[in-house]
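A.B. asks: Dropping the structure in here first, questions after.
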Amino acid sequence: MKNTILRAAAALSLAAAALMAPTAAHAYTDPAVVVATPSTITAGSTSTFTTDLAPFATSESIQISISGESAGGAKLAFVKAAIETNSSLTTQAVQGKLNVPITFPTNGIGTYNLTFTGATSGVVLHSQITVVAPNSASGSKAGLAVTGIDADNTLGLWLAGGALVVAGAAVGIGATVRRRRTAA
């Protein structure tokens, strides 16, 4: 009986470790904070991205990748709808710091994820910005409040649900094994 319980506990531990392993990827922290000013803009507007520290080399080339609706139309404030990734933008670090204005497309709204990668140092920084329709700068759509759950941020719920299913299965298997041993 003890061996069965130990085996069930070991199986449950392994299953939990397998489910929770992807969360280790979220433990990475950027070496500097990228600040978007402003952090919420209207479509077609410009936001300036800066770092609080100097994570890049003095005048290092920085590759910029933008993912979001019509991201191909994003420009470096002076250059020229579906979810797209635009990896064609580059800028230079100024004394190791990031300071780049980016104009977002006029036909794109939603959340944009940005990645700034140093060409020689390999430093990778992340940022996010929200682009709203020109008539909804207050965060509402057509005069209605935006409510509900953000479907893009439900990974934690899926992981917790999966862990509960695995735990329930382990308890059920343990109870079945115990009943069979008791009946024998």
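A.B. asks: Taking Ala175 and the conditions (1) modelled with pLDDT of 85 or more; (2) open to solvent by 40 Å² or more (accessible area, probe 1.4 Å); (3) over 30 Å from Pro55 (Cα atoms), which numbered condition does it fall short on, given that it satisfies the others?
C.D. replies: Unmet condition: (2).
A.B. asks: Right, something else. Which of the residues that make up the range 59-81 are modelled with pLDDT of 85 or more and open to solvent by 40 Å² or more (accessible area, probe 1.4 Å)?
C.D. replies: Answer for the range 59-81, where residues must be modelled with pLDDT of 85 or more and open to solvent by 40 Å² or more (accessible area, probe 1.4 Å): Ser59, Ser61, Gln63.
A.B. asks: Take Val35 and tell me if it is within 24 Å of Asn153 (Cβ to Cβ), modelled with pLDDT of 85 or more and part of a strand (DSSP E or B).
C.D. replies: yes
A.B. asks: Moving on. So which residues in the range 91-110 are at pLDDT 85 or above and open to solvent by 70 Å² or more (accessible area, probe 1.4 Å)?
C.D. replies: Of everything in the range 91-110, those that are at pLDDT 85 or above and open to solvent by 70 Å² or more (accessible area, probe 1.4 Å) turn out to be Gln92, Val94, Gln95, Lys97, Asn99.
The values are calculated or read from the model by the stated rules, or taken from the named source; none is laboratory data. On a predicted model such as this, the values are computed, not experimentally measured, just so you know. Reconstructed Cβ throughout: ideal geometry from the backbone, glycine too, with neighbour counts over all protein chains shown. Side chains are part of the model used for accessible areas, which takes the heavy atoms of the whole protein and leaves out ligands, DNA and RNA. Shrake-Rupley method; radii C 1.70, N 1.55, O 1.52, S 1.80 Å.
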